[in-house]
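Step one of this worksheet: look at the structure below.
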Amino acid sequence: MTALVRELRFALSERAVQLIVLIAFAASTAAVIAGIEAVNDQQALIDRLVLATDEERAVAVESASDPGDMAYYAFHLTFAPPSALAFSALGTRDTLPWKHRLRMLALEGQLYESDVGNPELSLSGRLDFAFVVAVLLPLLLIFLLHDGEAGERRAARHDLLRVTATEGRNLFTVRAIARSLLLLAAILIPFLVGAVIQGVGLPGIGVVLGAAALSLVFWLAVCLLTVRRVDAGPTCAISLLGIWLVLAVLLPAGGKLAARNVVEVPQGGELLLTQREAVNDAWDLPKPATMDPFIERHPRWAPYSTVSRPFEWKWYFAFQQVGDQAVEKISTELREGIKQRDRLMGMLSFLSPPLLTERLMTGAAQTDVAAFQRYEDCVRAFHGGLRSYYYPLLFEERPFDDSAKRELPKFSPCAQDSGR
Amino acid sequence: MSQQQVLEAQSLTVQRGGRPVLHDVSFAVGEGEVFALLGGNGAGKSTTLLTFLGLIEPHQGRAMAFGQDVQGNEDAIRRKAAYLPETASLYAHLNAWENVSYFLELARSPRPRDELSQAFDEVGLPADARDRRLESYSKGMRQKVAIALALLRSVPLLLLDEPTSGLDPVAIDEFNALITALAERGSTVMMVTHDVYGACQVARRVGLLRRGELVGTFEAPPEGMIDADELHRAFARSHAS
């Protein structure tokens, strides 16, 4: 412990260490601020949309003279609020939808109207705290440690240090640990401040600290092993940067590419087009062409399935549902494909600690693919609830009065998406 | 030799990069003795020193210190020895106090500031320089800080590699007086040098190394110093052959 304290003090006296620690602190602070701003913006947008949608819906509900009108004109906002920890790992919240304005129309097309929120971010990633921990931390650690022993040899101090230090050659290990701890502290302090501001619970903080510590320990071990084997500082730096490049950049990027090639996933656009064709075609088809497949799936409404007028809402919403049925296979393939790709990336992450760190952090922040799919499930469940509410009004023609209107379901986020 | 032996090279043979650097070198240094190993560039002087510090493993023979084989007892021996490298590259971004304090902490033998001050006085480091970073020091001043560090270790054995390199003539005289005083107080000193006259001034015995072989040993008479001219001639002859 004394040796560690001594080396911490010594490291802080070195300009290069001060600079790197300062860079780490600045990058972490910037990432935390950017993350908090991003989630605050998302939350503010949700709050505004909730208000606007409530007002709009109230008008639609009040002015509706029949349930079909109300089902057609009333919008419903669905959303996955950012978790308290989301500021630290924005994950899929940058690239996949976390809010929808839905109507009682065919659902699948509405879900996949926008495949990707920020396509450019899906390529480059965002400088969030997870990126700082997974990608920048090892890079800065390499800068800090690559020349530890070689620099002392160049300065003709190596022998003197080995002879003088009671730890002998272990002095360089203690030094490396001290510098790593300084770097870790510089990165974690802004996170801890951010976590307190965002009201993150202790388990969440624990997962992030654990992920950061694991990342640090791995890269510290890599640096120490390399420094022991390579005498020259520049050669050591090149070797370590090579390892970093493979593990932090090439493996994740190559893995993503490979997962895309191995697991074919239909495009959201393909699903949208297929559904729209199915829905639009229904206008020109005889009514039984819609009602028969609808009733086949939902026999409960068979006694009320006769459509005698040229336009009836129950027929309109039935062909919306049949539109969903038409893309069920594509939708399942899309969901399973995304899941399968994510599983592959999960397996790959055991070869790439930066990827594993990022996945641990997005998992804890509920910004991973699993969280996105949970949100989709939540939206599907809500939309199913809308259909359960409207179908008795549309098919059985139950009384459509104020008390019926008051029963109109309102979206509330599912438990795991309930955010802060 | 009546004193207890502190250092002993027993048929020491060292190879570096497959080439012999020391060959069958044997000598002993007694307690309180100042022994100088003299030789030209590449004679194997520094290698001998580093072998006694356990930083180089002998190919054959043994390096003994305090009656123990250095190999396998490096830590114990280093605790009793202070080493002054040829180029005393202390930390340029620290001042004299900070440098010495740091190295003493490394050795787990911290000293109060007044003892540091006393050591700086002994080596002649100006008081106004002590708070300045070593980056502004001359080579000689840095050497003085390193010598002060070696003194502050308060260990029975000093291993010095070209200790007067970079010092001006006055500082060399002060250094020699310091080494003599330390020896009188019981410290054992082994220094390696290519400075014939410097070796004669301070050492009671001088070993002459040539291409890794000990080709001669010169001993001072009881009441005098080694004849520098004679040593110089021997050195020149060994160099020429």
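Couple of notes before you dig in:
- The residues on offer are A:Gln43, A:Gln18, and the sole one that is within 14 Å of another protein chain (Cβ to nearest Cβ), in a helix (DSSP H, G or I) and among the polar types (S, T, N, Q) is A:Gln18.
Every residue, every condition in (1) touching a Pro at 6+ places or on another chain (Cβ under 7 Å); (2) free of Cβ contacts under 8 Å to residues at least 60 places away in the same chain, yes or no:
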| site | (1), (2) |
| --- | --- |
| B:Glu135 | no, yes |
| B:Ser138 | no, yes |
| B:Met141 | no, yes |
| B:Ala148 | no, yes |
| B:Val155 | no, no |
| B:Val170 | no, yes |
| B:Phe175 | yes, yes |
| B:Leu178 | no, yes |
| B:Ser187 | yes, no |
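- Of A:Pro138, A:Pro82, all but one fail to be at pLDDT 90 or above, closer than 28 Å to A:Gly269 by Cβ and open to solvent by less than 10 Å² (accessible area, probe 1.4 Å); the exception is A:Pro82.
- In the range B:26-47, residue nearest to B:Lys80 (Cα to Cα) [restricted to those that are at pLDDT below 90 and assigned to a strand (DSSP E or B)]: B:Leu38
- Screening the range B:107-127 for residues that are open to solvent by less than 40 Å² (accessible area, probe 1.4 Å) and farther than 23 Å from B:Lys139 by Cα and picking the one that is nearest to the other protein chains (Cβ to nearest Cβ) gives B:Ala107.
- Meets criteria (part of a loop (DSSP other than H, G, I, E, B), closer than 20 Å to B:Ala146 by Cβ and open to solvent by less than 60 Å² (accessible area, probe 1.4 Å)) for B:Leu167: yes
- In the range B:70-79, the residues that are open to solvent by 40 Å² or more (accessible area, probe 1.4 Å) and either more than 11 Å from every other protein chain (Cβ to nearest Cβ) or β-branched (Val, Ile, Thr) (or both): B:Gln71, B:Gly72, B:Asn73
- Every listed requirement among (1) without any contact (Cβ under 8 Å) to a residue 60 or more places away in the chain; (2) crowded, with 17+ Cβ neighbours inside 10 Å is met by B:Ala82 save one, (1).
- Residues of the range A:401-415 that turn out to be free of Cβ contacts under 8 Å to residues at least 24 places away in the same chain and in a helix (DSSP H, G or I), as a count: 4
- Considering residues of the range B:201-241 that are in contact (Cβ under 8 Å) with a residue 40 or more places away in the chain and in a loop (DSSP other than H, G, I, E, B) only, the residue farthest from the chain's Cα centre (by Cα): B:Arg211
- Some residue of the range B:95-106 being more than 7 Å from chain A (Cβ to nearest Cβ) and among the aromatic types (Phe, Trp, Tyr): yes
- Pick from the range A:265-284, criterion more than 28 Å from the chain's Cα centre (by Cα) and open to solvent by 30 Å² or more (accessible area, probe 1.4 Å), ranking: farthest from A:Thr95 (Cα to Cα): A:Asp284
- Of the helices (runs of 4 or more DSSP H) lying entirely inside the range A:261-366, those containing at least 3 residues that are within 30 Å of A:Leu136 (Cα to Cα) are A:328-348, A:353-364.
- Among (1) in a loop (DSSP other than H, G, I, E, B); (2) without any contact (Cβ under 8 Å) to a residue 60 or more places away in the chain; (3) crowded, with 17+ Cβ neighbours inside 10 Å; (4) within 14 Å of another protein chain (Cβ to nearest Cβ) - the single one B:Leu50 does not satisfy: (1)
- For the residues A:Leu140, A:Leu127, the requirement of being under 26 Å from A:Leu19 (Cα atoms), away from chain B (no Cβ under 14 Å) and not in a helix (DSSP H, G or I) singles out A:Leu127.
- Each residue in the range B:128-144 was checked for being among the aliphatic types (A, V, I, L, M) and either under 18 Å from A:Ala165 (Cβ atoms) or away from chain A (no Cβ under 14 Å) (or both), and 2 of them qualify.
- Against the numbered list (1) touching a residue at least 60 places away in the same chain (Cβ under 8 Å); (2) outside the structural domain of A:Phe319 (by TED's automatic domain parsing); (3) open to solvent by 10 Å² or more (accessible area, probe 1.4 Å), A:Glu55 comes up short only at (1).
- Residues of the range B:91-104 satisfying the condition of being open to solvent by 10 Å² or more (accessible area, probe 1.4 Å) and either out of contact with any Lys or Arg (no Cβ under 7 Å at 6 or more places or on another chain) or not assigned by TED's automatic domain parsing to the domain that holds B:Lys139 (or both): B:Glu98, B:Ser101, B:Tyr102
The values are calculated or read from the model by the stated rules, or taken from the named source; none is laboratory data. Not measured: the values here are computed from a predicted model. A quick note on method: Cβ atoms are made from the backbone with ideal geometry, for glycine too, and the neighbour counts reach across all protein chains shown. Just so you know, the surface numbers come from the protein's heavy atoms only, side chains and all, with ligands and any DNA or RNA stripped out. Shrake-Rupley method; radii C 1.70, N 1.55, O 1.52, S 1.80 Å.
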